[in-house]
1. Which of the numbered conditions does Asp72 fail, given that it passes all the others? Conditions: (1) crowded, with 17+ Cβ neighbours inside 10 Å; (2) in contact with a Phe, Trp or Tyr (Cβ under 9 Å, 6 or more places away or on another chain).
2. Can you tell me which of Met41, Met59 is part of a loop (DSSP other than H, G, I, E, B), at pLDDT 95 or above and in contact with an Asp or Glu (Cβ under 8 Å, 6 or more places away or on another chain)?
3. Can you tell me which residue in segment 78-97 is modelled with the lowest pLDDT, limited to those that are among the small types (Gly, Ala, Ser) and either surrounded by fewer than 19 Cβ atoms within 10 Å (Cβ to Cβ) or more than 12 Å from the chain's Cα centre (by Cα) (or both)?
4. Across segment 44-54, which residue is surrounded by the most Cβ atoms within 10 Å (Cβ to Cβ) among those that are under 11 Å from the mean Cα position of the chain (by Cα) and either free of Cβ contacts under 8 Å to residues at least 12 places away in the same chain or in a loop (DSSP other than H, G, I, E, B) (or both)?
5. Under 9 Å between Cβ atoms, at least 6 apart or on separate chains: pull out the pairs that start in segment 81-93 with a residue that is farther than 16 Å from Gly35 by Cβ and end on any residue that is assigned to a loop (DSSP other than H, G, I, E, B) and of a type in the set (Lys, Arg).
6. Filter segment 2-28 down to residues that are touching a residue at least 60 places away in the same chain (Cβ under 8 Å), touching a strand residue (DSSP E or B) at 6+ places or on another chain (Cβ under 7 Å) and assigned to a loop (DSSP other than H, G, I, E, B) and give me whichever is surrounded by the most Cβ atoms within 10 Å (Cβ to Cβ).
Amino acid sequence: MARFLVVDDSKLARTQLKSLIEELGHEVIAEAKDGLEGYDMYMSHKPDIVTLDNIMPNMGGTDCLKKIITADPNAKVIMVSSIGKNTTIKEQISIGASNFVTKPYEKETISKVFEEVLAKK
């Protein structure tokens, strides 16, 4: 069982992802509504995996990812976004994102991504 932090400005998206994570046998230990809050939650909770939306108020996904990776180069961060532009994905992977999932996602797809990320050292 892994401990997750879910960062998304949409309460509905957070709720849906939390339900899916719990259905897969994991635990959501914290939620955040933007990148600023997400970074603070990461630092205080040290989750096993972060799911991070791209477009959010106050601090977007890419900037939050940079801060998390700077603070913890071994952080496991999965970018989750409705906008799957190749340039954005490549940039975020080069910064240190562990993987990328495009909304809407299938349960099987996100389950496979979780397994792959958890298997990485």
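1. Unmet condition: (1).
2. After ruling out the rest, the residue left standing is Met59.
3. Gly84
4. Asn54
5. Pairs found: Ser82/Lys103; Gly84/Lys103.
6. So, considering only residues that are touching a residue at least 60 places away in the same chain (Cβ under 8 Å), touching a strand residue (DSSP E or B) at 6+ places or on another chain (Cβ under 7 Å) and assigned to a loop (DSSP other than H, G, I, E, B), the one surrounded by the most Cβ atoms within 10 Å (Cβ to Cβ) is Asp8.
Quick grid of which residues meet (1) in a helix (DSSP H, G or I); (2) farther than 18 Å from Phe4 by Cβ; (3) modelled with pLDDT under 95; (4) among the acidic types (Asp, Glu):
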residue	(1), (2), (3), (4)
Lys66	yes, yes, no, no
Ile69	yes, no, no, no
Ala75	no, no, no, no
Val101	no, no, yes, no
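Residues checked against (1) of a type in the set (Val, Ile, Thr); (2) touching a His at 6+ places or on another chain (Cβ under 6 Å):
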site	(1), (2)
His26	no, no
Ile29	yes, yes
Lys46	no, no
Thr51	yes, no
Gly60	no, no
Asn86	no, no
Lys103	no, no
Lys112	no, no
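The values are calculated or read from the model by the stated rules, or taken from the named source; none is laboratory data. Everything numeric here is computed off the predicted structure, so don't read it as measured data. Note that each Cβ is placed from the backbone with ideal geometry, even for glycine, and that neighbours are counted across all protein chains shown.
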